[in-house]
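Inspection log for the structure reproduced underneath, given as structure tokens.
The values are calculated or read from the model by the stated rules, or taken from the named source; none is laboratory data. Keep in mind it's a predicted model, so treat the numbers as computed, not measured. Quick reminder, even Gly has a Cβ in these numbers, built from the backbone with ideal geometry, and neighbours come from all protein chains shown.
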Amino acid sequence: MSTGKGNPILRASNITKTFGNNTILHGVSVELAKGEIKILIGSSGGGKSTLLQCINCLVVPDSGEIEVDGMVIDITKKKDLYRLRQQVGMIFQDFNLFDHLTAIDNITIALRKVKKISREQATQRARQELEQVGLGDKQHLYPAQLSGGQKQRVAIARALAMDPKILLLDEPTSALDPTLVGEVISVIKRLAAKGMTMIMATHQMSLISTLADEILFMENGRIVEQGTPSVLLAKGNKSRTRGFCDSLNDLVGEEG
Amino acid sequence: MPEPISVVIEAFPYLLQGTFLTAGIVGAAMALGLILGVFMAVGLVYGNKVVRFLITLYLWLFRGVPVVVLLFLFYFGLFNYFNINVSAFTAVTIVLGLTTGAYQANIFRGAMLSLPRGQFKAASGLGMTDLQAIKSIILPQILRISIPAWSNEYSIILKDSALAFVIGAPEIMARTQFVASRTYQHLSLYITAGIIYFVLTWAGVMALRKLEKHVRIPGYSANGNQ
């Protein structure tokens, strides 16, 4: 399954999740090598978001195995879950910034509480991360004073400050005004260029076609197709993925 | 000087002492209620079945029985039965504290339910423990949201504190009644007592409104003003 970039840094096998009598994930497996980028696509309700949240146990799977950088996670132990989440960053569709904290404190809070770094050092680190996403001048603004694109960039800076080994992105541009999508895309592309390991659910064709080492097409809680974009999106390929991406392209005209 | 007024002037320092006692009862009861309320709200939202059941039982008990009954039950009943020697002041403070704790628990619980679920998720996603997320992310937000409802609760408990006179705590009401029964100047004295309660209510509510403005999150308000 791995595209051969080295030992997997993440291995999630046979993840299942059922809410009530609605099974969202039917034993899904994902492997990720260091520096690799996999992109999840598929209609909503297919399980992309639940899969991402299961990988860092924000939603605890009913069964399955998760291994990060050689460390096997016991999903029944809270302590293991906390450790797992420190290594796996999460970016949400609707940002989820802490509304009562300024941009910079959104970043320092976890550094101080989780990593036990001094306020001074945390502030320094947070400032660096904000500058990286182009928001050095917005550090003292509150989330309600930022645009959607700025909020998402703060959220990315917040996740990166924790030095995650893997970043999970759950439709990072879907809640954004079309005019603000570009700034977030360029931040994500820069991350990719730096070698960040990522799994991302997205329907942005520009991210899918340029970043994906592998596309995973999800439907009804299963990965029904997977492969490199060059194969799955090749002209004449009758893949589900290509059909799906064509419909995305139709929506935005050509190449959004 | 007409007698109704001279009696009030003469009794005023005496009534003022009762005012300090009332302020003490209400301040301590609200503080006790705040602590109890926060813990119970956290238990109601994040606790397991047993915790939730026990807290719910507590809420029904303290919201379902009149304060006067609770006062007698505790002061003449429980404290007496277990041979605990407490002053009327302590007794009324405890009873009002336990009562307002039940109401405050619901105020804070409501505020917690109104927060977007993503706040807790994002904190967890950064590796915070549940306790860290509650302390650093959830509580600072819900306490802000709760100030208007808490201010309401303050004005209710302030006036409930007048019930302390039935067990003999020498607060505003007890002292007013004492002077009135000796001087027969009921009208002017009870008007005075009423004014004192009104001023205490007004001052407390105004102070809380100031606090609310002071801790308001910039750019974040229901009326959409940025």
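Aliphatic (A, V, I, L, M), buried (at least 20 other Cβ atoms within 10 Å of the Cβ) and modelled with pLDDT of 90 or more: does that describe A:LEU216? Here the answer is yes, as A:LEU216 does meet what is asked. Against the numbered list (1) within 28 Å of B:PHE108 (Cβ to Cβ); (2) away from chain A (no Cβ under 14 Å), B:TYR184 comes up short only at (1). Listed by first and then second residue, the pairs with beta-carbon distance under 8 Å, at least 6 apart or on different chains, first residue in the stretch B:211-226 and more than 12 Å from chain A (Cβ to nearest Cβ), second at pLDDT 60 or above, are B:LEU211/B:ILE147; B:GLU212/B:ARG144; B:GLU212/B:ILE147; B:GLU212/B:PRO148; B:GLU212/B:SER151.
Of the residues in the stretch B:43-61, at least one is assigned to a helix (DSSP H, G or I), surrounded by 13 or more Cβ atoms within 10 Å (Cβ to Cβ) and of a type in the set (Gly, Ala, Ser).
It is to be established whether one or more residues within the stretch A:112-125 are facing another protein chain (nearest Cβ under 8 Å) and buried (at least 22 other Cβ atoms within 10 Å of the Cβ). Within the stretch A:112-125 (the criterion being facing another protein chain (nearest Cβ under 8 Å) and buried (at least 22 other Cβ atoms within 10 Å of the Cβ)), the answer is no, since none of the residues qualifies. Cβ-Cβ contacts under 8 Å between residues 6 or more apart (or on different chains), taken from a first residue in the stretch A:83-97 that is touching a residue at least 40 places away in the same chain (Cβ under 8 Å) to a second residue that is of a type in the set (Asp, Glu) and assigned to a strand (DSSP E or B), are listed as A:MET90/A:ASP170; A:ILE91/A:ASP170; A:PHE92/A:ASP170; A:GLN93/A:ASP170. The set of residues in the stretch A:65-93 that are surrounded by 23 or more Cβ atoms within 10 Å (Cβ to Cβ) and more than 14 Å from chain B (Cβ to nearest Cβ) contains only A:ILE66. Just one of the listed residues (B:ILE142, B:ILE94) is out of contact with any Gly (no Cβ under 8 Å at 6 or more places or on another chain) and away from every other protein chain (no Cβ under 14 Å), namely B:ILE94. Candidates are the residues of the stretch A:94-111 that are among the aliphatic types (A, V, I, L, M) and over 24 Å from A:LYS48 (Cα atoms); the one that is surrounded by the most Cβ atoms within 10 Å (Cβ to Cβ) is A:ILE107. Pairs are defined by a Cβ separation below 8 Å, a sequence spacing of at least 6 or placement on different chains, a first member in the stretch B:27-41 that is on the phi < 0 side of the Ramachandran plot, and a second member that is among the acidic types (Asp, Glu) and part of a helix (DSSP H, G or I); the pairs so defined are B:MET30/B:GLU153; B:GLY33/B:GLU153.
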